[in-house]
1. At a 1.4 Å probe, which residues in the range B:158-177 are at least 10 Å² less accessible with all protein chains present than in their chain isolated?
2. Given A:97, A:127, A:81, which one lies farthest toward the positive end of the charge dipole of the range A:63-143, if we put +1 on the Cβ of every Lys and Arg and -1 on the Cβ of every Asp and Glu?
3. Tell me, what is the per residue accessible area of the protein assembly as shown in Å², probe radius 1.4 Å?
4. Tell me, what % of the accessible area of the protein assembly as shown is carbon and sulfur with a 1.4 angstrom probe?
5. How large is the convex hull of the Cα atoms of the range A:197-237 per residue, expressed in Å³ as a whole number?
6. Which of rounded, prolate, oblate describes the range A:259-403, given a ≥ b ≥ c as roots of the alpha-carbon gyration tensor eigenvalues and a/c under 1.5 marking rounded, otherwise prolate only if a/b is larger than b/c?
7. Pop a pseudo-label 7 angstrom from the Cα along the beta-carbon direction at both residue B:638 and residue A:262 and give the gap in nm to one decimal.
8. May I ask what percent, to the nearest 5, of DSSP beta bridges between residues of the protein assembly as shown are antiparallel?
Number of protein chains: 2
Amino acid sequence: MDKRTHTESKTVVFQPSGARGMVETGTSLRRAAAQLGVDIESICADTATCGKCRVVIEDGQFGNIGSSPDHASVMRSTEELWITKRAKTWRKMGLDPDRLRLSCQALVEGDMVVFVPESSRANRQIIRKAATDRHIEINPAVRRYYVELEPATLENPLGDVERVAAALVAAMTRIHGDAKGWIAPDPTDIWFDFHVIRTMGNAIRQGDWKMSLTVWHGRQVIDIRPGYSEDLYGIAADIGSTAIAIYLCDLITGEVVGTDSMMNPQTAYGDDIMSRMTYENEHDDGLATLHEAVVTGLDTLIKRTLRNHHVQAIDVHELTIVGNTTMHHLFLGISTKHLGMAPFVPTSHCAFDLKARDLSISVNPSANVHMLPIAASFVGADAMAVVIAEEPHEQDENLLIIDIGTNAELIAGNRNGLVCTSTPTGPAFEGAHIEYGMRAADGAIERIEIAPDTLEPRYSVIGIDGWGPDRFVLNDSEHGLVKGICGSAIIDGVAEMFRSGIITPRGHFATDLTSNRIRQGEFGWEYVIAWKDETSIGRDIPITLTDVRQIQLAKAALYTASHLLLRELEIEAPDKIILAGAFGSQIDKTKAMILGMIPDCPLERVVSVGNAAGDGARIALLNRRKRTEAQEIARTIRRVELPIDPDFQREYMLALNFPHMAHEFKSVTHLIPVHGTDPMAERFSTSS
Amino acid sequence: MDKRTHTESKTVVFQPSGARGMVETGTSLRRAAAQLGVDIESICADTATCGKCRVVIEDGQFGNIGSSPDHASVMRSTEELWITKRAKTWRKMGLDPDRLRLSCQALVEGDMVVFVPESSRANRQIIRKAATDRHIEINPAVRRYYVELEPATLENPLGDVERVAAALVAAMTRIHGDAKGWIAPDPTDIWFDFHVIRTMGNAIRQGDWKMSLTVWHGRQVIDIRPGYSEDLYGIAADIGSTAIAIYLCDLITGEVVGTDSMMNPQTAYGDDIMSRMTYENEHDDGLATLHEAVVTGLDTLIKRTLRNHHVQAIDVHELTIVGNTTMHHLFLGISTKHLGMAPFVPTSHCAFDLKARDLSISVNPSANVHMLPIAASFVGADAMAVVIAEEPHEQDENLLIIDIGTNAELIAGNRNGLVCTSTPTGPAFEGAHIEYGMRAADGAIERIEIAPDTLEPRYSVIGIDGWGPDRFVLNDSEHGLVKGICGSAIIDGVAEMFRSGIITPRGHFATDLTSNRIRQGEFGWEYVIAWKDETSIGRDIPITLTDVRQIQLAKAALYTASHLLLRELEIEAPDKIILAGAFGSQIDKTKAMILGMIPDCPLERVVSVGNAAGDGARIALLNRRKRTEAQEIARTIRRVELPIDPDFQREYMLALNFPHMAHEFKSVTHLIPVHGTDPMAERFSTSS
């Protein structure tokens, strides 16, 4: 190596940021970038092994500086080998191999303009494709480091742990040393997980003293494997009462490698969280049964996803888990007994980490499972995940976020503070306890429209294109195709019944209307949606007075909760309403407003964001800073306890009525079937 | 409570320390003591529950102050109840209940002299009964705290974890707040182990919001149980190649509740560490087999000890483990492959903690297992335990500590620095590879004396009182009682053979001597110790030329290691030699010096300290500061690598000879049988 005795300064510009400054000749481009505030990624600590720091040297005249690949130092063999071996890949990516350099190797020798691709940035981002696109910074809790050790000798037989810790800190310092605010840990502060201690001796020697380490939160070594390796995956899981969804992510690129979901096996023991709690209370081994069901379910789902995407279990180094408070507790094996009775106290609000092995989840045994924090007994980690996805705390306008399930979780506020509450809405919104209610599955009515003049309905059915009733009648059979009504259609139906005057603002049937569909049925007044010959059950399918009452009770609870939450913020109405969860993306927001389910808000400012809880879990997986954010929010969010609010009962009684209908709603219908595709699959499958 | 508006100062003296000063009236005695530098214990944070802070108010005139129980505030009912309920116990302990007060409750109202019993001191000590008595400070890594919570209400339904963390920090502050250098943690820095999170909800409510917590290192809550409880135990284990010994300790009083030991089940796979390593290398499941053997062995031993002493497994909250580096690795399931071949590198030097559940040890699942640090590949955690027990680093004089086994570990130095090394000594010292060698068991010759004039021996046998040979002949039988020669007797025998001139300084037989005991046997020259009719094996038992060679090789290795270690310290001779380990307490130190096993040192400055490694494990269990000390020593001790020392071979060859004999040794013999009692049992059974 030539040691320069004279150095001079050259102008270097980094694109696309435009950061520009004078840099001493002989400085590596990576270090030059850091000096100018552009942090470039590295795994291998400047040993020309990982190539994560690749940059493109621009050619030509830029402003007052002339740049050319020749203005960088001559390539040495390791770098050249790295670049030429992958020349084909570069050309495919539209990059000219002749202009490509590893910024850890190329030294400044003249004025230069250097382009830093997004994938080479230390703080690179990935775009979350959702209703509202967001950029997620890639800064996971686990990071990969490549380290080369001085082999042990008789003269220096230092232990493996001490040798690796020293080399790791040195590598960390080379990689992050120039970054603002980074402080090198002392090698004695580096911990090695028990399982790593067991296996590191062989890994180190198999790789001839070169190895890839996985480090958790910059302190705990949770994996050591021979040589250079980039296999670093994580899994974000959203454990819902009904379904479990997981996202398998590459923690180096941030990409979603695969998603999958399954029914929560706990549904065998009860449909909603209340019935699960009852099951736990009434069975000696209730807690163990429910705990094992969900953990085994998740484990099965993980195994299937890993197999489908050819990822090894040992390469999964981190998990994030969200779920409502009941799911959170049962997943950890915590009794929900005290959660389920006054004063409804969760075991823990705070986030915490445990080892995957303690839950017998088949990933790397040293992997940590990060449980997101919970805000309150019925505002769970899923709600906190929605918050870090939707970021109300970053905004000036006041958001109202509603995650609707059998229990609705509501969060409202902006950067000045957040409040939250929850309210049981009953199972009506999910089609349960509705006379002909069913899950959103093939054969379920999903959209209903009623003509105000004829009082005749049109409706669509999941699994069948177009609108009926006609198309659901099978001419050559005694039966039709309709099986029942799903949750979103009940809302549609009741809203349309109200809009067309079939039911009054107080929810009574307008018995003076002339229609054979309005009649006294077995359980009182009802309105027939589908005649017997359209259905596969051999009976007419009506919406009954009882069904209307169920919807009234549910929507009143939701509205009252929203209203009291807004009152807590001392605002009349939110600037924006966000409907989260699968149900939120299935209901017709116009109908929700007609029914008075949600507070007044311009219709275009009501958005459905689908499984935002799952998004939040993925964000927490990819960016550890968002965990701190979630923790801070869970700690400071104000909890509004509806049961002890003196106004709750009065407000609730008032909210049972349907509201005065705005003129624009009198004719509007939204006729787009929504169940045709899985909204979650659509949302994530394209982002990988 | 009467709020005083005027306070005045009174003189308070605390005995036995004599700390004296002016204290404001109305100050509790516990706080007054802290102000004067006397820290008084508390578990219950001044709630008159634990009684750990009890003191005796002295009566009478002391110097210029008059003290009387009346000078303390009037007793309130909780304190009175506590004292009177235990009046009988106090009387038995020689304490007058009428003078006894809880120092957290009694307030200063006049001049007082207060006696603080050792058991009430925060830094109380327990005396280790050993060759060299030591005071062990009781300051374990786990501490018990008693906490009373505000019950959760609908108005304040904060989670259990957050509620307990806040109350715990408040209790800690009440207890330690006045102690020098203590800094209160933030409640968010308190961690709750996963298993505690699972069970705390029930424990809290069972105890009506009053509970006893176990806290590890002031940060991690590892146990919560209802109400007030003092059941806090720990186990120190010494895992030797041959035997496993455990000490069950009460971590509040510091007392040893019970000890027990067993053969290391690994002996089934090889007698010494070399053969264990070979076993591991030669069997696919070798590591698993050896790991499971020792862990299962320890677990069995723990279960037996707990049962014998009526202690619940769940009440054992901490373990400390010592052992040589091979035992350390195999216990953790770490391969010894790299340890066993050049450059002989251990996986880790540093101490570390893991959860007992990760090793499937049947104690509290949240208990931590503290593995003491290791100094070098063959100077293990057992040697570090000996160091914290014998404390060479605290002394001005230079110590040489020798732990003799099939592998000898040597540590030398003083407060200016320590050096260590190890040397294989072969199995000769343990009676193995000796023609008629056997373990120290019934029927083994344990002491030998040879009359220089007649060349006739006298010897003693384990399990039989008095000296023979005569008493070992059975007149009415063909056989006698002697079965073989144990390790310590081989040293005795060879030393006596040298002293009486039967063998020369170079280890040759003096074939010109007239004795029928000196003869050509099957394997060359030999000296008969026991004639056929004294033995149960139907053959004469001699010490052979091969046996003499084995001893020469072993003692030369030991001597050379000692010599090179002293040379490293640049000293001629140690001020004191400490022989550690069971073997060290069995050999006759005079004979060891005659043979030249150990360097020159005044005989009265050569001491055997028995199982100092076990003592060290117990010290680390009782006093966490000693762990830091061990860690620091393991980090800084200089390792002398004999195999690469250029002088080793030459020194070793020279050391094979027997040394010039000091005059005083020519007639000395030490004729006290040593195997009659188990020295370890004697050492600990009385200290509880």
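The values are calculated or read from the model by the stated rules, or taken from the named source; none is laboratory data. Predicted model only: the values in this text are computed from it and were never measured. Reconstructed Cβ throughout: ideal geometry from the backbone, glycine too, with neighbour counts over all protein chains shown. Please note that ligands, DNA and RNA were not included when accessible areas were found on the heavy atoms of the full protein model with its side chains. Shrake-Rupley method; radii C 1.70, N 1.55, O 1.52, S 1.80 Å.
1. In the range B:158-177, residues shielded by partner chains: B:158, B:159, B:160, B:161, B:162.
2. Farthest towards the positive pole: A:127.
3. Dividing the accessible area of the protein assembly as shown by its residue count gives 40 Å².
4. On the protein assembly as shown, the fraction of accessible area on carbon and sulfur atoms equals 50 percent.
5. 87
6. oblate
7. A separation of 6.2 nm, rounded to one decimal place.
8. Working: 164 of 230 bridges.
Around 70 percent of the beta bridges assigned by DSSP in the protein assembly as shown are antiparallel ones.
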